[in-house]
Amino acid sequence: MEHFTPIASLCGGMLIGLGAALLLLCDGKIAGISGIVGGLLSPTAGDTAWRALFLLGLVTGGLFFTVFAPQVFTIAISRSTGALVLAGLLVGFGTRLGNGCTSGHGVCGISRFSPRSVVATLIFMITGIVTVYIINHLLGGSL
Amino acid sequence: MNSALAAFVAGLIFAFGLAISGMTQPGKVTAFLDLFGNWDPSLAFVMIGAIAVYSILYRIIRHRTAPLFATFFSVPTRSDLDARLLGGAALFGIGWGLGGFCPGPAITSLASGHWSVIVFVAAMVAGMFLYQLVDKIWLQPSAPAPQREPRVVTATTPAFQGPQDA
């Protein structure tokens, strides 16, 4: 519990909801990050600009924090390059196969009361918890 | 241009939310998932805040017939549970616990220049390409393409066939 931040996390979560709502209000799109990236990898005409600009907004936000509050990128975990590559492959493949990630299913989908998203969120939470259990308690905390 | 600018601002606000909430800290993400260890429930508050705001605004916004700068709402309509959804979510969760990143925070963290996040995002994009390849070769055999429901809900709009991202 050393890093417990309920207020900051609640406020940050509300901003996430606000950004997602703005994308829906203005462009009629769901703020599912894996879907937004995936759509850029198999582009269709007239459907790429908003995706690229949304992602540019994400990176620009990250740049702001890199300059003014880099501590938001500091609580790291001990993972080898191989483990990170495997993690990235699983996240990329899994989110495209399952049509969504924490944002698309976990935030937008659950808010819409989508049964698919509720089930997907439960499943990725469970497999995430099992994975961390194995790494932290059976493999000594690093991989 | 307005729609592109709005997407940029939405992404910017989203990134601020991710950074402030702790989602860009892999150590906080895995501490949230470490239910049987030194559990940090912070990220539950992220979900509560995001869902509280979006679930209300979603319903207000969907009263409109169309978005401000687009002709229709692109919202998923499926409600069936299939093996792809379950398997995909399971694989994603394993990767999330292994790397401590999900797609949004990973892309936001690219600006930090940390080696770990650059490796992760490169592998994530490779995984998405790999999915497209596997989908084309094995998951969608040469038989007629599976019928997909249009994801467009508004009545007056043309059907839009596309990936049904949640």
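The values are calculated or read from the model by the stated rules, or taken from the named source; none is laboratory data. Small disclaimer: the values here were computed from a predicted structure and weren't measured. So basically every Cβ, Gly included, is an ideal-geometry build from the backbone, and we count neighbours across all protein chains shown.
Is it the case that some residue within region A:12-30 is more than 7 Å from chain B (Cβ to nearest Cβ), in contact with a helix residue (DSSP H, G or I) (Cβ under 9 Å, 6 or more places away or on another chain) and at pLDDT 95 or above? No, that holds for no residue.
Tell me, yes or no, whether region B:26-42 has at least one residue that is of a type in the set (A, V, I, L, M), under 20 Å from the mean Cα position of the chain (by Cα) and within 23 Å of A:Phe64 (Cα to Cα).
Let us first name the residues in region B:26-42 that are of a type in the set (A, V, I, L, M), namely B:29, B:31, B:33, B:35.
Then keep just the ones that are under 20 Å from the mean Cα position of the chain (by Cα); that gives B:29, B:33.
From the residues that got through so far, the ones that are within 23 Å of A:Phe64 (Cα to Cα) too are B:29.
Within region B:26-42 (the criterion being of a type in the set (A, V, I, L, M), under 20 Å from the mean Cα position of the chain (by Cα) and within 23 Å of A:Phe64 (Cα to Cα)), the answer is yes, since at least one residue qualifies.
Considered as a group, the residues in region A:117-143 that are polar (S, T, N, Q), surrounded by 14 or more Cβ atoms within 10 Å (Cβ to Cβ) and closer than 15 Å to B:Ala31 by Cβ include one that is modelled with the lowest pLDDT, and that residue is A:Asn136. Can you find a residue in region B:33-42 that is surrounded by 22 or more Cβ atoms within 10 Å (Cβ to Cβ) and touching a residue at least 40 places away in the same chain (Cβ under 8 Å)? Taking every residue of region B:33-42 in turn, at least one turns out to be surrounded by 22 or more Cβ atoms within 10 Å (Cβ to Cβ) and touching a residue at least 40 places away in the same chain (Cβ under 8 Å).
Of all residues in region B:53-72, those that are at the interface with chain A (Cβ under 7 Å from one of its Cβ atoms) and closer than 23 Å to B:Gly17 by Cβ have Cβ atoms under 7 Å from Cβ atoms of residues that are of a type in the set (D, E, K, R) and part of a loop (DSSP other than H, G, I, E, B), 6 or more apart or on another chain, in B:Tyr58/A:Arg112.
For region A:57-89, enumerate the residues that are assigned to a helix (DSSP H, G or I), of a type in the set (S, T, N, Q) and either more than 7 Å from chain B (Cβ to nearest Cβ) or in contact (Cβ under 8 Å) with a residue 12 or more places away in the chain (or both). Hit for region A:57-89 is A:Gln71, nothing else. Within region A:44-65, restricting attention to residues that are more than 26 Å from B:Trp96 (Cβ to Cβ) and not aliphatic (A, V, I, L, M), which residue is surrounded by the most Cβ atoms within 10 Å (Cβ to Cβ)? Selected residue: A:Asp47.
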